[in-house]
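Enquirer: Pasting a structure here, questions to come.
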Number of protein chains: 2
Amino acid sequence: MDSQLFMKIEPHSMENEILYRMREAIVSGKIEPGAHLNETDIAKQMAVSRIPVRESLRKLEQEGLIVRLPNKGCFVITFSEQDINEVFSLRASLESMAYQWAIPKMGTQDVQKLKDLIEQQEQAIRNEDYDELARLDMHFHEYICIKANHSRLLKAWYEQHAQCQMLLNLRFRHLAEYTPETVPIDHHRILKAIENNDPQIAIDLTYEISERVSKDCNETLKSIQAARTAAQ
Amino acid sequence: MDSQLFMKIEPHSMENEILYRMREAIVSGKIEPGAHLNETDIAKQMAVSRIPVRESLRKLEQEGLIVRLPNKGCFVITFSEQDINEVFSLRASLESMAYQWAIPKMGTQDVQKLKDLIEQQEQAIRNEDYDELARLDMHFHEYICIKANHSRLLKAWYEQHAQCQMLLNLRFRHLAEYTPETVPIDHHRILKAIENNDPQIAIDLTYEISERVSKDCNETLKSIQAARTAAQ
DNA sequence: TAGTTGTATACTGTATACAGTATACAAAAA
DNA sequence: TTTTTGTATACTGTATACAGTATACAACTA
């Protein structure tokens, strides 16, 4: 075989499939926070044995999306005010580090790529496609974290990010006033800091944005709790 | 039962036992970096089935102590220069955050506790008990990270710390000039910053120390590699 | 001899089966 | 009626068994 005819086949374990589906269901909110995840049920639904389900649950536990209680099973994480503050503050701290590592390495094609992402975000807002907006929002930050070229930083960021996504989805479903325009506006400001090769401004912005979103999520949490106690 | 007669029994799964033992063996260097971890062998040695061993290996993978290759198994992590830089830089970044969160909360009894740890370190050096010194070194930083009262930060720190310990053990076994005195000296300087309620100085010190230790470990790595190529 | 293919072996990945534990609820006793 | 105890049930934790895959090496072919 002297030329590359076929694409590489990725080792495709069931576990990755299971993991991916469950993570999606939890992050998107299809499974409610606090819900009990029954291994046998999940295994039956997906037509696999409990073992790969268990192993996926382990990974989700490490990612912080579920909590495991010995001999009781797995439960989707519920966020307290402290949890929300933790998630966003740690994410902000990790992104700050990412800016310090990434900005010196960034060239014009990186700036262009980020510019494109912002434009796509504006388009998504015009289309009222907020799922797409959330994805593009994520890609903007992800791009910078990848550019930092720091695998451990990236891994830690992904873990916090999954929980952020979960909270942002929760906010989107429950908060009346949703202001999608803030996403590209914030990103424009960050991009400017990148173009000026000034990590410190990007870092200050990150903490500012983080603070704001954290506040938003806390309000959402309170309104959900208020609605729940009112219903009872 | 009107009074507390018996201590609570912690749910004691085999897995925790297995996890603890394997982690210790890897961090301490009893198992060489790069070594293949055979599930069946380990299960046999510990007289358990492969399942709890597998689950422990998953956790070690998430902690970054081992690498899993699909259908090939688990291998103890080997550190490249990039890995070493990553581990120490991320740890420094996390500790910086810990200082910002912890220092405002610290009182005289915290300072006293840290002072005691430093004294114990000096005693350990006099006793030439370097295992104990490593433990006390760890406790100093751990105390601050716990005081930050940020569970996600603490979790991320523990993950980096396990790899740091592994590298420091490697250095201890291979590096000729070992200067244990630096540990309490550095800690004295950090403690002073804490007493002065000045996180920024503590942060600057952390990066300085991190840089130094990182350099040391990289040198160790090179000397090990040089010894290996010479042997071949 | 060099390169390819077949085959054995040993390992991981998954399925099934059973043991251990938590929980809810009914029955019994105070 | 309230508290305690027994019991059933359903779940997780673990063991065993087997299927799928990677690797090494022998046999074969050009």
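Bear in mind these aren't lab numbers, they're just calculated from the coordinates by the rules spelled out. Worth saying up front: this structure is predicted, and the values here are computed from it rather than measured. All Cβ positions, even for glycine, are placed from backbone atoms using ideal geometry, and neighbour counts span all protein chains on display.
Enquirer: Non-local amide H neighbours of A:Ile77 (under 5 Å, H modeled in plane, Pro and chain starts lacking H): which ones?
Expert: When sequence neighbours closer than 5 places are left aside, the close amide H contacts are A:Gly34, A:Ile66, A:Val67.
Enquirer: Report the rotationally averaged projected area of segment B:162-232 based on its alpha-carbon convex hull, in square nanometres.
Expert: Numbers: hull surface 21.5 nm².
The orientation-averaged projected area of the Cα hull of segment B:162-232 comes to 5.4 nm².
Enquirer: In deg cm²/dmol, rounded to 500, what helix-only [θ] at 222 nm does chain B give when every DSSP H run of at least 4 residues adds -39500 (n - 2.57) and the total is split over its residues? Could you put the intermediate results ahead of the total?
Expert: On the way: 9 runs with 166 residues, N = 232.
Only helices count here, giving -24500 deg cm²/dmol.
Enquirer: Where is the GNM fluctuation largest for chain A (alpha-carbon springs, 10 angstrom cutoff): A:Pro70, A:Pro184, A:Pro52?
Expert: A:Pro70
Enquirer: Which value in Å is the Kirkwood Rh of chain A over different Cα pairs? Could the numbers behind the result be given before it?
Expert: Working: mean 1/r = 0.0512 Å⁻¹.
So the Kirkwood estimate lands at 19.5 Å.
Enquirer: Compute the label-point distances linking B:Pro104 to its equivalents in the other copies; points lie 7 Å from Cα along Cα→Cβ; give nm, one decimal, shortest first.
Expert: 3.0
Enquirer: What translational diffusion coefficient, to the nearest whole µm²/s, does segment A:108-192 have by Stokes-Einstein, given a Kirkwood radius computed over alpha-carbon pairs, a temperature of 4 °C and 1.567 mPa s viscosity? Could the numbers behind the result be given before it?
Expert: Details: Rh = 13.7 Å.
Once the numbers are plugged in, D ends up at 95 µm²/s.
Enquirer: Picking from A:Gln62, A:Gln45, A:Gln163, which is most flexible by a Gaussian network model of chain A using Cα springs under 10 Å?
Expert: A:Gln45
Enquirer: Please state the charge dipole magnitude for chain A, taken about the Cα centre, from unit charges on C-beta atoms (+1 on K and R, -1 on D and E), reported in debye and rounded to the nearest 20.
Expert: Values: 28 positive and 36 negative charges, 154 e Å.
That gives a dipole near 740 debye.
Enquirer: Continuing with the same structure: Throw me the Rg/Rh for segment B:14-76, computed over C-alpha atoms with Kirkwood Rh, two decimals. If you can, show how the numbers build up before the last one.
Expert: On the way: Rg = 10.4 Å, Rh = 11.4 Å.
Reported Rg/Rh (Cα atoms, Kirkwood Rh): 0.91.
Enquirer: Let me ask something else about it. If you average the sequence gap of Cα pairs under 8 Å that are 6 or more apart and divide by the length of segment A:76-147, what percent do you get for the contact order?
Expert: So the answer I get is 41 percent.
Enquirer: In nm to one decimal, list the spacings between the A:Asn149 label point and its equivalents in the other copies, with label points set 7 Å along Cα to Cβ, shortest first.
Expert: 4.1
Enquirer: Can you tell me, using C-alpha contacts under 8 Å and at least 6 residues apart, the relative contact order of chain A as a whole percent? Don't jump to the answer; show the numbers that get you there.
Expert: Values: 221 pairs, mean separation 54.7, N = 232.
This gives 24 percent for chain A.
Enquirer: May I ask for the equivalent-ellipsoid semi-axes of the protein assembly as shown, computed as the square root of five times each C-alpha gyration tensor eigenvalue and listed largest first in whole Å? Walk me through the numbers on the way to the answer.
Expert: On the way: eigenvalues 256, 177, 147 Å².
Equivalent-ellipsoid dimensions as semi-axes: 36, 30, 27 Å.
Enquirer: Moving on. Compute the separation of the alpha-carbon centres of segment B:115-177 and segment B:180-201 and state it in Å as a whole number.
Expert: 14
Enquirer: Same structure, new question: Please give the Cα centre distance for segment B:36-95 versus segment A:39-65, rounded to the nearest Å.
Expert: Cα centroid to Cα centroid, the span is 21 Å.
Enquirer: List the distances, in nm and shortest first, from the label point of B:Ala47 to the matching label points in every other copy, placing each point 7 Å from Cα along the Cα-to-Cβ direction.
Expert: Listed shortest first, these distances are 4.3 nm.
Enquirer: Over all pairs of distinct alpha carbons, what does the Kirkwood formula give as the hydrodynamic radius of segment A:1-120, in Å?
Expert: On the way: mean 1/r = 0.0559 Å⁻¹.
Taking every pair of different Cα atoms in segment A:1-120, averaging 1/r and inverting gives 17.9 Å.
Enquirer: Using Cα springs under 10 Å in a Gaussian network model of chain A, which residue among A:Ile209, A:Ile26, A:Ile42 shows the largest mean-square fluctuation?
Expert: A:Ile42
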